[in-house]
Amino acid sequence: MRHYMILAALFVITLTACKHDGEKMLNALEEQGVGMIIDNHGETTTYNLPGVQDLLRLTAEEPERLKGAVVADKRVGKAAACLLIEGGVKRVNTPLVSTPAREMLEAAGIPLYAREEIPLMVNMDGTDLCPMEKKLLDAKTPEQCAAILRGATIEGFQMLDMLNEQGLSLLVYNNGELTTHANRGIQDLLQLISEHPERLDGAVAADKIIGKSAAAIMIVGGVKEVHTNLICTPARELFEKEGVLVFATEEVPMILNRDKSGMCPMDTQIANIESIDECVAVLRGIIH
């Protein structure tokens, strides 16, 4: 019994300390009239851009500022929460948090001190949901939320879920139309680029596995966003070079052949070719 009493007392002391430290940072936030304060091992910086602009920039350009930091943010909705999680912050303090944000931070094991919690974050004039909160309503994970804030669509993540659930190999969504495909390798992509190129131009695609060969066809076809379970590094680099948004569950150095004894045959044929148009020309010659 005495052991449990000691643990309970320590818990109360910890909560009191968290509240005291949280209030101290929130008071500084209000006194300085800024939107966010970051304290990282005694080095304090302030930020005041609207919404999550500062967090987006920090996670992309200065991730070391967030790693292990204690943060005070004026409002923490789902958008801010996912970026704080991505940044690896140690603790979050805020005058106002939304329930989805609080749940996301708790699931990530990040302590939160908030003066007030509301069901969903609303816009500044209180007439509607915060645009960012609305945009992320259907996003399931912090990773999905962060990707959507950087330009991904929720449809891409939903397509990959559908692909895996139904045992498909490729899904393409364009202009409100979804097409499904189940052939192995790059057959469906080559058929699309040859017979229905308009379906790829500006499309969102979900593909089970993406090697360099699939990436080259998608790029030449004009795909704008790609989701996959597995991608190889050369494919990811091709997408990034061409400005195609790509989100992969796992990345490997190369896609293996079926018996895992070497590189995928299609990728082998174009391994040393830099021009994506030439890659596609070679692949068309092999398949046909």
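The values are calculated or read from the model by the stated rules, or taken from the named source; none is laboratory data. What you are looking at is a predicted structure, and each value in this text was computed from that prediction instead of being measured. Cβ placement follows ideal geometry from the backbone for every residue including glycine, while neighbour counts extend to all protein chains displayed.
Do the conditions hold for residue 216, that is, is it touching a strand residue (DSSP E or B) at 6+ places or on another chain (Cβ under 9 Å), of a type in the set (A, V, I, L, M, F, W, C) and surrounded by 21 or more Cβ atoms within 10 Å (Cβ to Cβ)? It is false that residue 216 is touching a strand residue (DSSP E or B) at 6+ places or on another chain (Cβ under 9 Å), of a type in the set (A, V, I, L, M, F, W, C) and surrounded by 21 or more Cβ atoms within 10 Å (Cβ to Cβ). Of the residues screened, residue 162 is one that is of a type in the set (A, V, I, L, M) and at pLDDT 90 or above.
Within the stretch 40-51, is even one residue surrounded by 16 or more Cβ atoms within 10 Å (Cβ to Cβ) and at pLDDT below 90? Even if it seems obvious, please write down each step before you answer.
Within the stretch 40-51, the first condition is being surrounded by 16 or more Cβ atoms within 10 Å (Cβ to Cβ), and the residues that meet it are 40, 47, 51.
Next, from what is left, pick out any that are at pLDDT below 90: 51.
Checked the stretch 40-51: at least one residue is surrounded by 16 or more Cβ atoms within 10 Å (Cβ to Cβ) and at pLDDT below 90.
The set of residues in the stretch 50-89 being part of a loop (DSSP other than H, G, I, E, B) and either among the polar types (S, T, N, Q) or under 18 Å from residue 135 (Cβ atoms) (or both) consists of 50, 51, 52, 75, 77.
Every condition in (1) modelled with pLDDT under 95; (2) hydrophobic (A, V, I, L, M, F, W, C); (3) surrounded by fewer than 19 Cβ atoms within 10 Å (Cβ to Cβ) holds for residue 96 except the one numbered (1).
Scanning the stretch 18-57 for residues being farther than 10 Å from residue 72 by Cβ, out of contact with any Lys or Arg (no Cβ under 9 Å at 6 or more places or on another chain) and among the aliphatic types (A, V, I, L, M) gives a total of 2. Any residue that is within 18 Å of the chain's Cα centre (by Cα) and part of a loop (DSSP other than H, G, I, E, B) - is there at least one of those in the stretch 115-134? No, the stretch 115-134 contains no residue that is within 18 Å of the chain's Cα centre (by Cα) and part of a loop (DSSP other than H, G, I, E, B).
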